[in-house]
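J.: Take this structure first; my questions come after.
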Amino acid sequence: QVQLAESGGGLVQPGGSLRLSCAAGGNIFNYAMGWYRQAPEKERELVAVIDIGGSTTYIDSVKGRFIVSRDNAKNIVYLQMNELKPEDTAVYYCNRRFGKFEWGQGTQVTVSS
C-alpha cells in the first residue's frame, strides 16, 4: 500500500497561485494519478488527471488555470494552481485515477481576500 502525503496548501487571495505536491511512499509511475478536492458540505470531485504517458485532463472549471505534472523518479505529483478563485477553496487530495490507495490527509486551500 502506497502512502500519499499532500502539501503546499494555504491561504491565498483571489488571483493568486499555489503549487501543491503529492509525495508517494512508493512507485506510482505505472498509475494514472489524479488530484481531487472536497469543499465544505460537498462531495469529493476529481479535478485533474495525469496518465502514465503524461497526458492531462481537467474539469472545465479549472481548465487554463491549473496544471498537473509528475516526476516519476521522485514519485511526486504536482498541481500548479493559478488565477485562484474563492470557489477553489477546498481540501485537495491526490490518488490514483482508477482504483485507490488509502487517502492522505489532504492539504487545505483557502482563497479569500
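J.: Which of the residues belonging to the range 33-51 are in a loop (DSSP other than H, G, I, E, B) and surrounded by 14 or more Cβ atoms within 10 Å (Cβ to Cβ)?
T.: Matches in the range 33-51: Ala39, Arg44, Asp51.
J.: Sticking with this structure for a sec: If only one of Gly15, Gly104, Gly8, Gly99 is open to solvent by less than 20 Å² (accessible area, probe 1.4 Å) and of a type in the set (Gly, Ala, Ser), which one is it?
T.: Gly104
J.: Still on this model: Taking the range 80-104 only, how many residues are outside any loop (DSSP other than H, G, I, E, B) and among the charged types (D, E, K, R)?
T.: Within the range 80-104, residues that are outside any loop (DSSP other than H, G, I, E, B) and among the charged types (D, E, K, R) number 3.
J.: Which numbered condition trips up Arg70, out of (1) among the charged types (D, E, K, R); (2) open to solvent by less than 80 Å² (accessible area, probe 1.4 Å); (3) touching a helix residue (DSSP H, G or I) at 6+ places or on another chain (Cβ under 9 Å)?
T.: Arg70 satisfies every listed condition except (3).
J.: While we're here: Name the pairs: first residue in the range 18-38 and under 27 Å from Leu84 (Cβ atoms) and among the charged types (D, E, K, R), second residue open to solvent by 30 Å² or more (accessible area, probe 1.4 Å) and assigned to a loop (DSSP other than H, G, I, E, B), Cβ to Cβ under 8 Å, at least 6 apart or on different chains?
T.: Arg19/Gly8; Arg37/Arg44
J.: Just to be sure I understand, how many residues within the range 58-68 are over 22 Å from Leu11 (Cα atoms) and either over 14 Å from the mean Cα position of the chain (by Cα) or not in a loop (DSSP other than H, G, I, E, B) (or both)?
T.: Counting residues in the range 58-68 that are over 22 Å from Leu11 (Cα atoms) and either over 14 Å from the mean Cα position of the chain (by Cα) or not in a loop (DSSP other than H, G, I, E, B) (or both) gives 2.
The values are calculated or read from the model by the stated rules, or taken from the named source; none is laboratory data. No experiment lies behind these values; they were computed from the predicted model shown. Counting neighbours? That spans all protein chains shown, and the Cβs are built from the backbone with ideal geometry, glycine included. Each accessible area value is taken on the protein alone, full model and side chains, heavy atoms only, with ligands, DNA and RNA left out. Shrake-Rupley method; radii C 1.70, N 1.55, O 1.52, S 1.80 Å.
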